[in-house]
Amino acid sequence: MYNQKVLDAFANPQNVGVIENADGEGTVGNATCGDIMKITLKIENDKIVDAKFQTFGCAAAIATSSTATQMIIGMTVDEALQVTNAKVVEYLEGLPPQKIHCSVLAEEAIKKAIEDYRAKQQNKSVDKTSIEYV
């Protein structure tokens, strides 16, 4: 059912875990299959310097999570937003049709983590411009 590259990514996942005090965090889930994926990001100067994942799911969900985090480390935030599920599947040299939704979760988790990062950045800039009256 799975090709060797997917099996290797599942058996030896990279970037497993959570980044404490992450700059961005995205959690997505699929009620249909029960897969839950969380990606945390460490971002410096708008560049992703670290990415970790925690995934509860099948081999494809774990393989796509691992692959997605590998792909985005070193990218700028804007470059990471261009990572699609199709690019994750291509990197893995294919997934069974019934498992494509796992790659969609990886794309969505990246986007959600970046949205969270940008919201936090916006809040920081608002805080810096706030004037406190005594």
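Read-outs throughout are calculated quantities, based only on the coordinates presented, and are distinct from any laboratory measurement. The shown structure was predicted, so the numbers you read here are calculated from the model rather than taken from an experiment. Don't worry about glycine lacking a Cβ; one is built from the backbone with ideal geometry, like all the others, and counts go over all protein chains shown.
Assorted remarks:
- q = 0.11, 0.14, 0.16 Å⁻¹: log10 I(q)/I(0) that the Debye formula gives for the chain, counting C-alpha atoms only: -0.38, -0.58, -0.72
- For the chain, leaving out every one of the GluC sites (Glu not before Pro) that falls in a DSSP loop and has at most 14 other Cβ atoms within 10 Å, the longest unbroken run is 21-92.
- 18 Å Cα cut-off, lysine pairs counted over the range 4-123 (separation 8 or more, or different chains): 21
- Antiparallel %, DSSP beta bridges [both residues in the chain], to 5: 95 percent
- Lys, Arg +1 and Asp, Glu -1 on Cβ, resulting dipole of the range 4-123 about Cα centre, debye, nearest 20: 180 debye
- Take every Cα pair under 8 Å whose residues are at least 6 apart in sequence, average their separation, divide by the length of the range 4-123, and the relative contact order is 31 percent.
- Chymotrypsin sites (Phe, Trp or Tyr not before Pro) within the range 45-134: DSSP coil, no more than 15 neighbouring Cβ in 10 Å: 133
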